[in-house]
1. State all residues of the stretch 272-324 that are touching a strand residue (DSSP E or B) at 6+ places or on another chain (Cβ under 7 Å), among the polar types (S, T, N, Q) and over 20 Å from TYR254 (Cα atoms); if no residue qualifies, say none.
2. Please count how many residues of the stretch 212-226 are surrounded by fewer than 23 Cβ atoms within 10 Å (Cβ to Cβ) and touching a strand residue (DSSP E or B) at 6+ places or on another chain (Cβ under 9 Å).
3. Which of the residues that make up the stretch 178-204 are in a helix (DSSP H, G or I), of a type outside the set (Ser, Thr, Tyr) and touching a helix residue (DSSP H, G or I) at 6+ places or on another chain (Cβ under 8 Å)?
4. Quick one: is VAL77 closer than 22 Å to SER115 by Cβ and either crowded, with 20+ Cβ neighbours inside 10 Å or in contact (Cβ under 8 Å) with a residue 60 or more places away in the chain (or both)?
5. Would you check which residues across the stretch 182-199 are in contact with a strand residue (DSSP E or B) (Cβ under 9 Å, 6 or more places away or on another chain) and among the polar types (S, T, N, Q) and list them?
6. For VAL189, indicate whether it is away from the ligand (no atom under 11 Å from the Cβ) and either polar (S, T, N, Q) or over 14 Å from VAL258 (Cα atoms) (or both).
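The values are calculated or read from the model by the stated rules, or taken from the named source; none is laboratory data. Since this is a predicted model, take the numbers as computed values, not measurements. Cβ: placed from backbone, ideal geometry, glycine included. Neighbour counts: every protein chain shown.
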Amino acid sequence: MSTVCVTGASGYIASWLVKLLLERGYTVKASVRDPNNPKKVDHLLKLDGAKERLHLFKADLLEDGSFDAAVEGCVGVFHTASPFYHKVTDPQAELIDPAVKGTLNVLGSCSKASSVKRVVVTSSTAAVAFNSRPRTPEVVVDETWFSDPDLCVKSKMWYVLSKTLAEEAAWKFAKEKGLDIVTINPAMVIGPLLQPTLNTSAEAIANLFNGSQTYPNASFGWVNVKDVANAHIKAFEIPSASGRYCLVERVAHYSEIVEILRKHYPSYPIPEKCGDDKPFVPIYQVSREKVKSLGIDYIPLEQSIIETVDSLKEKNFIGASSNI
Ligand code: NAP
């Protein structure tokens, strides 16, 4: 079976990707920033097949050529590493540089390695949906949409900007160098955590258990991490896969998320009220047409939420109901 590389392997999505790749028999060269940190690597080293077929490499997005060794000899590269958090003091240094320069750094290593046939880049619906077009229940967002960097700057949506600019840079580089890339553009990813730390998207669910009285007035697309990891693999394995793939099971307002939580976790004090008195931010649709060709049959949102909460409880990110 072939050898593939996963960048940022300790991360939430990447850990699932490494797990599923090992299960399918791949040899995986996994890049992490700190291979000596047990919190970042122990869960990977314990995966089935890891002893025989998982190799760790130290690499940082901001160090030129850092990924050369991890990428060398690989037929496929999954570039997932990119910072995902919202509390930043210096957006350029903390988010934009690692996302954009980091992507070009990884793609540079890929274009130098003659073994690499395709690179699957983890982009985001952040790079798709944020422009001046309205998003309302009858609107269908699809892969032809692009986020508007100027609007991101104006709204100070730095993470969204980092993903938008990184994807733009990736396509430009791929075109110039003749590199075969495919992007996976998931919305908010939830589902079980393999890593021992709390990642930003799972935190969106954990926060609804922190005793707060209100939930955000926001609507997001949601998708299960197992579907996301699987889509990455299909996008590499299916020769005709190309372009971008939006991954959204469906868009839901937080009011619906808390309703599902109340139904399944009645002993927890789930927020009852919306954070403001404005009309609910509308939901919209995201086309499933293109992703059908990858054979993804989405895990329903309700099940994804249950899987997330059960995992958060197991890892003590949500306390016992009586302790809240
Ligand atoms: P995560 O758990 O925070 O993983 C992010 C990974 O990026 C970590 O492994 C981190 O390494 C690595 N990283 C950050 N800065 C780095 C640097 N300077 N050099 C090397 N590695 C660096 O987040 P995630 O949710 O799995 O996100 C993975 C990818 O999916 C990102 O590209 C993100 O934009 C994208 N995405 C996520 C979602 C979502 O809802 N989760 C949705 C759409 C797209 P360390 O472990 O060393 O910190």
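1. SER287
2. First pass over the stretch 212-226, keeping only residues surrounded by fewer than 23 Cβ atoms within 10 Å (Cβ to Cβ): 212-220, 226.
Then drop every residue that is not touching a strand residue (DSSP E or B) at 6+ places or on another chain (Cβ under 9 Å), which leaves 213-220.
Qualifying residue count, the stretch 212-226: 8.
3. Start the filter on the stretch 178-204 by keeping residues that are in a helix (DSSP H, G or I), which leaves 200-204.
Filter again for of a type outside the set (Ser, Thr, Tyr), leaving 202-204.
Of everything in the stretch 178-204, just one residue is in a helix (DSSP H, G or I), of a type outside the set (Ser, Thr, Tyr) and touching a helix residue (DSSP H, G or I) at 6+ places or on another chain (Cβ under 8 Å), namely ALA202.
4. On the way: closer than 22 Å to SER115 by Cβ: yes; either crowded, with 20+ Cβ neighbours inside 10 Å or in contact (Cβ under 8 Å) with a residue 60 or more places away in the chain (or both): yes.
Against the criterion (closer than 22 Å to SER115 by Cβ and either crowded, with 20+ Cβ neighbours inside 10 Å or in contact (Cβ under 8 Å) with a residue 60 or more places away in the chain (or both)), VAL77 qualifies.
5. THR183, ASN185, ASN199, listed by residue number.
6. Values: away from the ligand (no atom under 11 Å from the Cβ): no; either polar (S, T, N, Q) or over 14 Å from VAL258 (Cα atoms) (or both): yes.
No: the conditions fail for VAL189.
Conditions tested, residue by residue: (1) surrounded by 20 or more Cβ atoms within 10 Å (Cβ to Cβ); (2) touching a residue at least 24 places away in the same chain (Cβ under 8 Å); (3) not polar (S, T, N, Q).
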position: ILE13; (1), (2), (3): yes, yes, yes
position: VAL18; (1), (2), (3): yes, yes, yes
position: PRO38; (1), (2), (3): no, no, yes
position: GLY49; (1), (2), (3): no, yes, yes
position: GLU72; (1), (2), (3): no, yes, yes
position: LYS87; (1), (2), (3): no, no, yes
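Here's the yes/no breakdown for (1) closer than 28 Å to THR164 by Cβ; (2) not small (Gly, Ala, Ser):
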residue: VAL6; (1), (2): yes, yes
residue: GLY49; (1), (2): no, no
residue: LEU62; (1), (2): yes, yes
residue: SER66; (1), (2): yes, no
residue: PRO91; (1), (2): yes, yes
residue: LEU104; (1), (2): yes, yes
